[in-house]
Structure formats: C-alpha cells, structure tokens
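A short worksheet on the structure shown next.
The values are calculated or read from the model by the stated rules, or taken from the named source; none is laboratory data. What you are looking at is a predicted structure, and each value in this text was computed from that prediction instead of being measured. Note: ideal-geometry Cβ built from the backbone for every residue, glycine included; neighbour counts use all protein chains shown.
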Amino acid sequence: MNDTIIHLENVVKNYMIGTIVVKALQSISLEIKRNEYVAIMGPSGSGKSTLMNLLGCLDTATSGKYVLNGTDVSKMQDNELAEIRNSEIGFVFQTFNLLPRYTALENVMLPLIYAGMNKADRIERATKVIEDVALSDRGHHKPNELSGGQRQRVAVARAMVNNPSIILADEPTGNLDSKTSIDIMNLFGEIHRRGNTMILVTHEEDIARYAHRIIRLKDGLIDSDVINEHHIGSVV
C-alpha cells in the first residue's frame, strides 16, 4: 500500500484583487506520509492559510495536482469536495466552531449526520469519542458551560468522530492559556500515536516543536522542510 496520504505537485493558487493578481502559492510540491505529524509555519502572507484551505479541500488550486489518500481532488466540484472533507479530514479550529445551542455530544455527532449514520449508532460513536478526550462527564453541557480547553476537546472529538485519515488543526491553541495549550498538544500526541496523520498550522514556535516535521513557507514558496529530531509531541 502506498504510504503517501498527501501529494501536491506544482500547486499554484492565485487570487484576483481588482485587476491585480496575487500569487498566494507558487509551484508547491509536497508529500506527507501516513501517520506523519507535520507543522506548517510562516509569517502572515506566507501562504500557510491558503495551503491549509487547499489541503482541507476548502478551496481548489489555480493549477497543479492534489492527490488525497489516492484520490485526485484537483478538479472536483464543491459537492464532491464536501464529501471528501467529511470522510477524510477532521478539522480543529482556533475558534472551536461549536454550535452554541447544541450539547457537546450533539456537536460531536454533527459529522455523522452528514455521513448518513442512524441515530443510535451516532450516539454510540460520539459517546465513545467524548470518552477518548476525557469529557464523559461534560457530554450534555453546552459550549457556554465549558472552559476553553474543554471546548477545544469537544472540537477535537468532533474532528475524530468520522475516523478521518487526517486531523488538520488551524492555530488550535490560539485562544487558550499556556497550561491548557500543553494539555491540547498532549492530546494531539495521543491521537498521533493511535495512527492519525496530524497537520498543524501555527505561527507559534513552541507549538510547532510538538511536530516531527516542520515546513516553513515564505512568499508562497516552501522556504524549508526539516525533520524535527527534538520534537516534544510524545510528552504525556
């Protein structure tokens, strides 16, 4: 079995602002293997958010090829990309993106509704994943009744509930204090050890140190791509 889960080949992304062409990504070629733990870094304007949107099938490239888990998603329509997103990718965002009127358990179940799973199986699966992130006693609480760290754990559980190939985390500790950030990063380490591919988009050096590989972007190009031999991602 091919152990490459992400293959980018000469990927370009341009935006039009009025009559000006903004070159957000310039001929990016990249491979990520199954069960890698990768951090993508770069200053504002480097292209890291654009790259995250492409990797997450939230956007498509202007040109180039993107093969995700054996499927060429480069030319897919929006409805096809939505199906790929729901089955292959679990998202964790800085702002949690939880629905305020839903309980933690209901928030975690949402991707399973889109996947067409019946209610009994949804509850069983979501309950198991809530347990995996150590929130069994908070399943029936709404987001405003949870701390920031607990809300992010709910978001992580929601990302995991469909057994995705990849967890894609965008500045996942941006709204958390330093102690809670460490707790969340240790949780990511546990998820990685269970076999998930982790992709972390961050501008924080201390958070990137948890990753086993660090890719830095600059001006829409890969500036460096190095193995992080001193990662702290295995700390528990």
Among the candidates 87, 63, 44, 29, residue that is at pLDDT below 90, of a type in the set (Ser, Thr, Tyr) and loosely packed, with under 15 Cβ neighbours inside 10 Å: 44
Taking segment 104-155 and keeping only residues that are surrounded by 14 or more Cβ atoms within 10 Å (Cβ to Cβ), assigned to a helix (DSSP H, G or I) and among the β-branched types (Val, Ile, Thr), one is left with 108, 123, 127, 129, 130, 154
Need the failing condition index for residue 92 against (1) part of a strand (DSSP E or B); (2) at positive phi; (3) not charged (D, E, K, R), just the number. (2)
Would you confirm whether or not segment 70-88 contains a residue that is in contact (Cβ under 8 Å) with a residue 24 or more places away in the chain and touching a Lys or Arg at 6+ places or on another chain (Cβ under 9 Å)? no
Picked from segment 47-58 (must be of a type outside the set (Gly, Ala, Ser) and surrounded by 20 or more Cβ atoms within 10 Å (Cβ to Cβ)), the residue farthest from residue 29 (Cα to Cα) is 57
Residue 32 vs. criteria within 20 Å of residue 87 (Cα to Cα), assigned to a strand (DSSP E or B) and under 17 Å from the mean Cα position of the chain (by Cα): yes
Restricting segment 173-186 to residues that are crowded, with 20+ Cβ neighbours inside 10 Å and out of contact with any helix residue (DSSP H, G or I) (no Cβ under 6 Å at 6 or more places or on another chain), which is farthest from residue 150 (Cα to Cα)? 185
Any chance you could count how many residues in segment 184-204 are within 27 Å of residue 43 (Cβ to Cβ) and without any contact (Cβ under 8 Å) to a residue 40 or more places away in the chain? 2
